1. Extending each Cα 7 Å along its Cβ direction at ALA106 and ALA162, get the distance between those two points in nm, one decimal.
2. Using modelled amide H (1.01 Å from N, peptide plane; none on Pro or chain starts), what sits under 5 Å from the amide H of THR166, excluding residues fewer than 5 places away?
3. Go ahead and collect, in residue order, the members of segment 1-24 whose backbone nitrogen is under 16 Å from a label point 7 Å along the Cα-Cβ direction of LEU176.
4. Can you give the FRET efficiency to the nearest 0.05 for SER243 and THR56, using r as the Cβ-Cβ distance and R₀ = 45 Å?
5. P(r) of segment 72-149 in 5 Å steps, Cα pairs, percent per bin?
6. Largest first, please: the extent of the C-alpha atoms of the chain along each principal axis, to the nearest Å.
7. In degrees, nearest 10, range 0 to 90: what is the angle between the Cα axis of helix 5-14 and the longest Cα principal axis of the chain?
8. Quick check: residue separation of ALA210 and ARG83 times 0.36 nm, minus the Cα distance between them. What number comes out in nm?
Amino acid sequence: MMIDAARIESLLSELSVPVGRPLTAVALTGSTNDDARRAAEEGAPHGACIIADAQTCGRGRHGRAWHSPAGENIYLSMLIFPRRAVADLPPLALAMGVAVARVVDALLLTPRAAIKWPNDVYVDARKIGGVLVETTTVGGAARVVVGVGLNVKTEHFPPDLAGTATSLRIAGADALQREPIAASLITRMGEAAARFDEAGLEPFIAELSARDFLRGRQVRVDDLEGVAAGIDTRGCLAVRDESGVMHTLSAGEVAWR
Ligand code: BTN
């Protein structure tokens, strides 16, 4: 059944959540991130959300496809108009990762969600969700689209994802109705956006450290091999190489073992 926008909106109203309205739900779209960017161009306000039942061109970082079958999962984009300078915004993805991880933990009833730098949410060493932050500027001011994909009901992933992806269902959650999950996500994302706008990544650092999937693991980023050693307040990943030299990475794709 198509996701019920009215139910999400009434849950948000009951809790007086200051974001998530207007909420546009669509049965099928290319990418909710593209829809949200277009909505911003047409005057949509801070906090406006687009949610889709299915996407034909859902995407993740590095132009990868995001598995977006109909009726199973959450594909959500929120518009954020931060007051912060554009240069300060890259760590916002980590703050949003914390927001998603909190929703996942609440559904799994235990603290199991980890964050794999820079934008993945993991459970049981598999990816359950991802955050895609896309920023444009208009007259020097940032317009940010935060896209979140959260695997809710999928039981069988396609072969290329089968060994690395998971869902709330696979992880054992009982409450799999997408509307309350979407309302919780919107609530947490709104809180994270406001906190990040006030104080940057600093208020998230302790939780990020507790949820840091890579910390202490052997990692490879491009030509660099070493042990992940934490995330700093600029959102950079520290990696100690084999000769003990510390490297600070602001971007990259991390392979781990
Ligand atoms: C990643 O893991 O690299 C990020 C995945 C983000 C997927 C979501 S689904 C909703 C929104 N629309 C998209 O096309 N992508 C994001």
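1. Here the answer is 3.5 nm between the modelled labels.
2. The answer is LYS127, ILE128.
3. The answer is 1-3.
4. Numbers: r = 47 Å, r/R0 = 1.06.
My answer for the efficiency is 0.40.
5. P(r) for segment 72-149, in whole percents per bin: 3, 16, 25, 22, 15, 10, 6, 2, 1.
6. So the three principal-axis extents are 57, 45, 31 Å.
7. 80 degrees
8. Numbers: separation 127, 0.36 × 127 = 45.72 nm, distance 2.81 nm.
Going from the current span to full extension adds 42.9 nm.
The numbers here are math on the coordinates, done by the rules we state, and not lab data. These numbers were taken from a predicted model, which means no experiment stands behind them. Virtual Cβ from ideal backbone geometry, glycine too; neighbours counted across all protein chains shown.
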